[in-house]
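Notes to accompany the following structure.
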Amino acid sequence: MNIFKALLYVIPVAGMSAAVACTDVEKLEIDHNGGYNTMFNEESEAYYASLREFKDEIWNYGRPVSFGWFSDWAPSGAARKGYLSAVPDSMDIISMWSGAPSRSQITPEQKRDKEFVQKVKGIKLLEVSLLSHLGKGRTPDSVYTPIYEQAAEEGWSQSQIETAKDHARWDYWGFTSHDLNNFEELKEAHSRFAKALCDSLFTSDWDGFDIDWEPGSGFNDSDRTLAGNPRQNELIVHLVKEMGKYIGPMSDPEGKGHKLLCIDGIMPVFEENCPEYIDYFIEQSYGGTRPIRGNTPYKYILCENFEQYAVSGGAIMGHARYMPDEGYKGGFGAYRFTKDYDNTPDYKWMRKGIQENLRVFYEWKAAQEGAGKEDNQ
């Protein structure tokens, strides 16, 4: 069953070959909101099975992806905006800007919503974090309990409390010298941190990690154990390589499928030092399309800012139709794409972008295959 109908092109799904159609192809929606979501029968089972096969094409960069940062996750009540399950079916990867709760923190409503988009729609859900210091997001609250108790008894200032919390966190991860010039000990601590970051993805069933790397103005909680350190590039590259033991392309040399490791924000340090560890570089190409750098364009996802441009779409259609001089891009997307839900129809620009993103790719692919046949004649 071919579940994706573009306006001018028939998009290949479930092993079907690409076929460029004439301009009189019937206009049909590329995605369904509701519809199959409320159906549990033979037709919906076949539809979703075909959808999941389509999603599997992203492995080994078989096609460009559709991506977005999802905000305001609240899957309850009649209003569908806060539901992951209400996003266009053809979304491939979603970074959870609203947070990726652990198995013990997730609500029953979130769990149902999450499992539907992962297991039925085949969408990959990523945890995202501004990784600015050792232990961020993985240090147990119990580490700080004795500090709060002692501070209350002795009347500590807020500055004293914050310093004590830093030191307690450092001790927890094995950075016991508290010497910010002791890079060997810092690296060993970050190795433990990297494993914890990845272990929890498996425990709580998230599909990968999106490192938002914005040292300087992007971080307000740096303690110089990662960002703000004179050797921060060395430390973050070490952390990525350690994470790469468990997730990302280096953890899956045969390309059979793995948890994704993505980077957004300021990316040159990763492009220059560890590109092979990264599945996708997510470009914040807000307001305009910039040429893709490097010799792996298929790893680059170009994104618009829907916190600012959700009504007009901004440059998202330019991102969707962009093709590099050689090869093809990794995909397109938007920051806080949930705001596109308020357009008419809902997710107006994401739907149009998905169609254009695939159209230009399959057109390019058909041209490449045609040129190859001519060369062999």
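A few remarks follow.
- Elements of type strands (runs of 3 or more DSSP E) in the range 252-330, at least 3 residues being at pLDDT below 95: none
- The numbered conditions (1) open to solvent by less than 20 Å² (accessible area, probe 1.4 Å); (2) over 20 Å from Phe361 (Cβ atoms); (3) not small (Gly, Ala, Ser) are all true for Pro275 except (1).
- Residue check, Glu45 surrounded by 15 or more Cβ atoms within 10 Å (Cβ to Cβ) and out of contact with any helix residue (DSSP H, G or I) (no Cβ under 9 Å at 6 or more places or on another chain): no
- When residues of the range 352-367 are limited to those that are of a type in the set (A, V, I, L, M, F, W, C) and closer than 22 Å to Asp89 by Cα, the one surrounded by the fewest Cβ atoms within 10 Å (Cβ to Cβ): Val360
- Tally of residues being crowded, with 17+ Cβ neighbours inside 10 Å and either at pLDDT below 95 or not acidic (Asp, Glu) (or both) across the range 193-209: 9
- In the range 75-85, the residues that are of a type in the set (A, V, I, L, M, F, W, C) and over 11 Å from Lys114 (Cα atoms): Ala78, Ala79
- Residues that are farther than 15 Å from Lys241 by Cα and in contact (Cβ under 8 Å) with a residue 60 or more places away in the chain within the range 251-263 comprise Gly255, Lys256, Gly257, listed in sequence order.
- For the range 62-111, a tally of residues being hydroxyl-bearing (Ser, Thr, Tyr), assigned to a loop (DSSP other than H, G, I, E, B) and over 23 Å from Gly265 (Cβ atoms) returns 6.
- Selection within the range 131-189 - farther than 20 Å from His238 by Cβ, of a type outside the set (A, V, I, L, M) and exposed (fewer than 11 other Cβ atoms within 10 Å of the Cβ): Pro140, Asp141, Ser142, Glu149, Glu153, Glu154, Gly155, Ser157, Gln158, Ser159
- Answer residue from the range 80-90, given it is among the hydroxyl-bearing types (Ser, Thr, Tyr) and buried (at least 22 other Cβ atoms within 10 Å of the Cβ) and is modelled with the lowest pLDDT among those: Ser90
- Tabulated pairs, the range 300-316, first within 15 Å of Gly331 (Cα to Cα) and free of Cβ contacts under 8 Å to residues at least 40 places away in the same chain, second open to solvent by 20 Å² or more (accessible area, probe 1.4 Å) and in a helix (DSSP H, G or I), C-beta under 6 angstrom, 6+ apart or interchain: Ile316/Trp349
- Close pairs (7 angstrom Cβ cut-off, 6 or more residues apart or separate chains): over 14 Å from Val117 (Cβ atoms) in the range 44-60, charged (D, E, K, R) anywhere: Glu57/Arg63; Ile58/Asp92
- Within the range 91-106, the set of residues being more than 13 Å from Glu127 (Cβ to Cβ) and modelled with pLDDT under 95 comprises just one member, Ser104.
A quick yes/no check of all residues on (1) of a type in the set (A, V, I, L, M, F, W, C); (2) in a helix (DSSP H, G or I):
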position	(1), (2)
Leu180	yes, no
Leu186	yes, yes
Ala194	yes, yes
Phe202	yes, yes
Asp212	no, no
Gly218	no, no
Asp223	no, no
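- Among all residues of the range 115-122, there is at least one that is assigned to a helix (DSSP H, G or I) and buried (at least 20 other Cβ atoms within 10 Å of the Cβ).
The values are calculated or read from the model by the stated rules, or taken from the named source; none is laboratory data. Quantities reported herein were computed from a predicted structural model and do not represent experimental measurements. In this analysis, Cβ positions are derived from the backbone assuming ideal geometry, glycine residues included, and neighbour counts consider all displayed protein chains. Quick note on the areas: whole protein, heavy atoms, side chains included, nothing else; ligands and nucleic acids left out. Shrake-Rupley method; radii C 1.70, N 1.55, O 1.52, S 1.80 Å.
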